[in-house]
Amino acid sequence: TAKSWAKAMELMKGNPIIRPRVTRNDVHRVFHREAMREVRERGQQQAGDGGFTIGISRFLSLLLDMAELIEVHAFTVFCAVASHADQLVSERRSREEAAAMGSV
């Protein structure tokens with residue numbers, strides 16, 4: 001969703017090379033363009049509260065588009081996102097455990 005994409009961009013901004021190059025408008029424009037492409041290709045309607053969604057291949061394509069837009073090597077962008085993987089996994093596990101405890 002757009003919210004997940006914005007979160008990925010915030011994580012990327014932790015990289016000092018990327019931070020000064022990324023603008024909020026660029027982030028929204030790139031996601032919106034890709035989401036509209038998905039809508040046109042699949043004939044989807046906007047998904048209620050979840051907003052527009054894209055698949056993993058489109059997400060990876062967005063990362064490449066952002067790298068080109070902000071004029072950094074794609075490796076820099078992928079490393080900036082991947083450097084947060086452990087943190088994101090542990091956060092997700094914590095949420096899932098809390099939800100499991102709440103439903104018991």
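Each reported figure results from applying straightforward, stated rules to the coordinates on display, with no laboratory input. Worth saying up front: this structure is predicted, and the values here are computed from it rather than measured. Cβ placement follows ideal geometry from the backbone for every residue including glycine, while neighbour counts extend to all protein chains displayed.
Screening V72 against (1) more than 14 Å from the chain's Cα centre (by Cα); (2) outside any loop (DSSP other than H, G, I, E, B); (3) surrounded by 10 or more Cβ atoms within 10 Å (Cβ to Cβ) leaves a single unmet condition, (2).
Among the residues of segment 1-28, the ones that are outside any loop (DSSP other than H, G, I, E, B), under 20 Å from T76 (Cβ atoms) and within 14 Å of the chain's Cα centre (by Cα) come to 11 in all.
Within segment 75-89, the set of residues being assigned to a helix (DSSP H, G or I), of a type outside the set (F, W, Y) and surrounded by 10 or more Cβ atoms within 10 Å (Cβ to Cβ) comprises T76, V77, C79, A80, V81, A82, A85, Q87, L88, V89.
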